[in-house]
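First comes the structure, then the notes that go with it.
The values are calculated or read from the model by the stated rules, or taken from the named source; none is laboratory data. None of the values given here were measured: they were computed from a predicted structure. All Cβ positions, glycine included, derive from the backbone under ideal geometry; neighbour counts span all protein chains shown. For accessibility, only protein heavy atoms count, side chains too; no ligands or nucleic acids. Shrake-Rupley method; radii C 1.70, N 1.55, O 1.52, S 1.80 Å.
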Amino acid sequence: MALGSMSCIQLGLALSVHLFAEIGPLGTVWLRLAWGAVILLAVARPRPWRFRRRVLLATVALGIVTAGVTMLFIAAVARMPLGTASALEFCGPLGVAVARGGGGRRSLLWPGLAAAGVVLLTHPWQGIASPVGLACALGAAICWAGYIILTQAVGDEVAGLQGLATSITVAAVVATPVSGPAVIGAATPRLLLAGLGLAGLLLVVPFSLEMYALRRLTTSAFGTLMCLEPALAVVAGFALLGQVPRAWSLAGVAFVIAAGLGAQRSGARTVPAAAATKAEGDPAPDAPAGLLTAQT
C-alpha cells in the first residue's frame, strides 16, 4: 500500500506535465488543489470553527505551506527532470530528520551525503542546471519541512479527515489569486475531468493507501519505504516523460536516498505514550504522505 501510494503520486506528477502547455504549471496545481478541496469537503464536512484557536492557526499555516510546496515543486518539475526535482525536495524531510535525530556529530554525515547528491543531480560544473528550477525545488524542500512539523501538530489534535480537508481548502484559496482566474477562463469539460483525475491520483487515493499502510506498518518501516520516492520519480520520468537519467544523476538520487535512510534511523519522533500508541497502532488518519514517519 505504501509503494502504491508513492507510485500514484509520481504517476500523477508525471501526467501533470502534459497539462502545462494548456494552463501552465501553476494552473495545473490550482486545478488539482481545487478538486481535492471539493472532494475532501464533501467527504469530511469539516467544522473548523470547533477547532481550538492554536489548532486552527496551525491548520491555516499548514494550508499555506501546502500551497507553497505544491506550487514550487511543480514549477521545478517544469524546469528540470522529475527525479532531480523530487530528490532535491526530499532534502526538506531529511533536514527535519537530522534536526530531530539527536545523533550528535555522526548525524552531520547525512546532510553532507545529501549535499553531494544535490551536486551530482544538478552538475553545476556543466552550467546546464536551471537556477530558477533549483531555487523552486529547494523552496519546496523548505515548505515540506514546515508541512511535516505543522501536520504533526494538526494530526495530533484533530481526528479523521477534518484537518486535511480544512488545510487543502486553505491551500486552494491561497493558490487561487496566482493561477485560478486563468484556469477558469480556459476551462473545458476535458480539462476539468483531467483535474479531477489528478486530484484522485495525488490526494484521495494516496491518502487512503497511506492510512491503511500506517495501520499495518511501524512508522520506522514506512519512513524507510518513503526513501524510495526519488527513485520512483526517476522511473516515472523515464517511463512517461522520456527523461533518461545520466550516470551521475542516478548516483545523486542514490546519495539522497541513502542520506534519508540514514537520517530516519536516528530521527524517530518522540511522543507521549498515548500519542505513540495512536501513531504506531492506529495512526491519526489526518496525516498524509509520510508525516507520521520515523524521519519526522
When you go through (1) surrounded by fewer than 20 Cβ atoms within 10 Å (Cβ to Cβ); (2) without any contact (Cβ under 8 Å) to a residue 60 or more places away in the chain one by one for Pro25, which number turns out not to apply?
(1)
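Looking at region 36-49, is at least one residue aromatic (Phe, Trp, Tyr) and touching a Ser or Thr at 6+ places or on another chain (Cβ under 9 Å)? Steps first, answer last, please.
So in region 36-49, the residues aromatic (Phe, Trp, Tyr) come out as 49.
Applying the additional criterion that residues be touching a Ser or Thr at 6+ places or on another chain (Cβ under 9 Å) yields none.
No; the residues of region 36-49 include none that is aromatic (Phe, Trp, Tyr) and touching a Ser or Thr at 6+ places or on another chain (Cβ under 9 Å).
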Would you call Ser179 modelled with pLDDT of 85 or more, open to solvent by less than 40 Å² (accessible area, probe 1.4 Å), of a type in the set (S, T, N, Q) and closer than 21 Å to Ala34 by Cβ?
no
What's the number of the only condition in (1) surrounded by fewer than 20 Cβ atoms within 10 Å (Cβ to Cβ); (2) modelled with pLDDT under 85; (3) more than 21 Å from Arg53 (Cβ to Cβ); (4) within 14 Å of the chain's Cα centre (by Cα) that Ile149 fails to meet?
(3)
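Among the residues of region 158-168, is any over 20 Å from Val256 (Cα atoms), out of contact with any strand residue (DSSP E or B) (no Cβ under 6 Å at 6 or more places or on another chain) and modelled with pLDDT under 75?
Checking region 158-168: at least one residue is over 20 Å from Val256 (Cα atoms), out of contact with any strand residue (DSSP E or B) (no Cβ under 6 Å at 6 or more places or on another chain) and modelled with pLDDT under 75.
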Against the definition (open to solvent by less than 30 Å² (accessible area, probe 1.4 Å), modelled with pLDDT of 70 or more and in a helix (DSSP H, G or I)), how does Leu88 come out, yes or no?
yes
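On the basis of being buried (at least 17 other Cβ atoms within 10 Å of the Cβ), in a helix (DSSP H, G or I) and either charged (D, E, K, R) or in contact with a helix residue (DSSP H, G or I) (Cβ under 6 Å, 6 or more places away or on another chain) (or both), does Leu62 make the cut? Steps first, please.
Numbers: buried (at least 17 other Cβ atoms within 10 Å of the Cβ): yes; in a helix (DSSP H, G or I): yes; either charged (D, E, K, R) or in contact with a helix residue (DSSP H, G or I) (Cβ under 6 Å, 6 or more places away or on another chain) (or both): yes.
In short, yes.
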Out of all the residues in region 144-193, which are among the small types (Gly, Ala, Ser), in a helix (DSSP H, G or I) and free of Cβ contacts under 8 Å to residues at least 24 places away in the same chain?
Gly185
Within region 111-127, is there a residue that is open to solvent by 40 Å² or more (accessible area, probe 1.4 Å), within 15 Å of Ser249 (Cα to Cα), at pLDDT below 70 and outside any helix (DSSP H, G or I)?
yes
